[in-house]
Amino acid sequence: MSLVLRLPTGIERRLETLWRGLPDTGTGQIDFSAPVGEAALVSAQSVSWRVFKNPVTLFIGGVAAVILELAEPCVRTGIWEHSRFRRDPVGRLQRTGAAAMLTVYGAQSVATPMIERVARMHAAISGVTPCGVAFTAADPALLSWVHATAAYGFVAAYTRYASPLSEPEIDAFFKEGAPAAHLYGAVDAPRSMREVETLFAAMNGRLCRSAILHEFLDLLRAAPVLPRPLAWIQGLLIRAAIDIVPAWARERLDLDARQSLVERSVVKSIAGLADRIVLPGSVPAQSCVRLGLPMTYLYGPQGRRE
């Protein structure tokens, strides 16, 4: 059975409009179909290109990543006091998601300058946590934590809700992201799930419950994150994100996933459908076109590793 699902043109255009409202697709000003033939930082044959094509699991994984990031006091202070996250959580998620999409799919001549700009922004941010610990956002250890939590969230969400990946595929996903992570300054970014687990174990004692984390979740539940036709699933996706946070971290952070088997089934159905729908105007489809590949490339067996 074909993995590809094409819809009537009118429905495709409507869905493209909806997807552009999601936090992971705030890339409307970038033409991913150009420059023609120019490779991205990550290969089109990669596991990463398959994982990042799913807007539903990117949202789930992105929320899980922010939860883990806000659990670390230095990262939490940097995000909460030195960005617009508190005032504009949706916009911040959109900008972060756009940077991730550009890093994976964008032509190298476009992605590299963007990463350099982000690195310069990090270099200008420093502060002190409420406990008196000084930090800089350019600290390689903090950047590696942020990268690791994002990569973990994306691959865990895709595997749990869209399409199970094998252990070698998951390890390949982390390895594929390491070169770009180095450009951001995350020089110790994990290159396998085992390395992620090692980092999680090392960070266990530094993570702590915070009213800020729960304020973030309250803001996210109340914010118009999704387009109106999709608003009914917002709570389901947030609970799905909490559910993929490791159990030990949920306990330490006092988080209750409260995800029923029915809710998990609904999220799997939505994510599975999103993984099959090819939208011609989407970032993954346009990136394939740039490289002379069919826009359906990532949805068929040719886009999967043997």
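The values are calculated or read from the model by the stated rules, or taken from the named source; none is laboratory data. Note that the structure is predicted; figures quoted are calculated from it, not measured. Here Cβ is always computed from backbone atoms with ideal geometry, including for glycine, and neighbour counts include all displayed protein chains.
Some notes on this structure:
- Test for Val267: is it buried (at least 17 other Cβ atoms within 10 Å of the Cβ) and at pLDDT below 90: no
Residue-by-condition table, conditions (1) among the acidic types (Asp, Glu); (2) within 25 Å of Val245 (Cβ to Cβ); (3) surrounded by fewer than 21 Cβ atoms within 10 Å (Cβ to Cβ):
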| residue | (1), (2), (3) |
| --- | --- |
| Phe32 | no, no, no |
| Ser48 | no, yes, no |
| Glu81 | yes, yes, yes |
| Gly97 | no, yes, no |
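- For the stretch 142-166, filtering for residues that are under 23 Å from Met203 (Cα atoms) and not small (Gly, Ala, Ser) leaves 9.
To keep it simple, each residue is scored yes or no on (1) surrounded by fewer than 19 Cβ atoms within 10 Å (Cβ to Cβ); (2) in contact with a Leu (Cβ under 7 Å, 6 or more places away or on another chain); (3) at pLDDT below 95.
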| position | (1), (2), (3) |
| --- | --- |
| Ala157 | no, no, no |
| Ser166 | yes, no, no |
| Asp171 | no, no, no |
| Glu176 | no, no, no |
| Arg191 | yes, no, no |
| Val196 | no, no, no |
| His214 | yes, no, yes |
| Leu220 | no, no, yes |
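- Conditions (1) among the small types (Gly, Ala, Ser); (2) surrounded by 20 or more Cβ atoms within 10 Å (Cβ to Cβ); (3) at pLDDT 95 or above: number failed by Ser109: (2)
- Residues in the stretch 266-298 that are over 19 Å from the mean Cα position of the chain (by Cα), closer than 24 Å to Ala111 by Cα and of a type in the set (Ser, Thr, Tyr): Thr296, Tyr297.
Conditions (1) outside any helix (DSSP H, G or I); (2) hydroxyl-bearing (Ser, Thr, Tyr), marked per residue:
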{"residue": "Thr198", "(1), (2)": "no, yes"}
{"residue": "Met203", "(1), (2)": "no, no"}
{"residue": "Leu213", "(1), (2)": "no, no"}
{"residue": "Leu217", "(1), (2)": "no, no"}
{"residue": "Leu255", "(1), (2)": "yes, no"}
{"residue": "Gln259", "(1), (2)": "yes, no"}
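- Number of positions in the stretch 240-251 that are over 16 Å from the mean Cα position of the chain (by Cα) and either within 15 Å of Asp218 (Cβ to Cβ) or assigned to a helix (DSSP H, G or I) (or both): 5
- Where a residue in the stretch 80-92 is without any contact (Cβ under 8 Å) to a residue 60 or more places away in the chain and its partner, wherever it lies, is crowded, with 16+ Cβ neighbours inside 10 Å and polar (S, T, N, Q), with Cβ under 7 Å and at least six apart: Arg92/Ser83
- Verdict on Glu38 being modelled with pLDDT of 95 or more, more than 13 Å from the chain's Cα centre (by Cα), of a type in the set (Asp, Glu) and surrounded by fewer than 21 Cβ atoms within 10 Å (Cβ to Cβ): yes
- Inter-residue pairs, beta-carbon under 9 Å, first touching a residue at least 40 places away in the same chain (Cβ under 8 Å) and in the stretch 103-126, second of a type in the set (Asp, Glu) and in a helix (DSSP H, G or I), 6+ apart: Val104/Glu176
- Qualifying residues in the stretch 112-132 (those that are in a loop (DSSP other than H, G, I, E, B) and exposed (fewer than 14 other Cβ atoms within 10 Å of the Cβ)) - the one modelled with the highest pLDDT: Gly132
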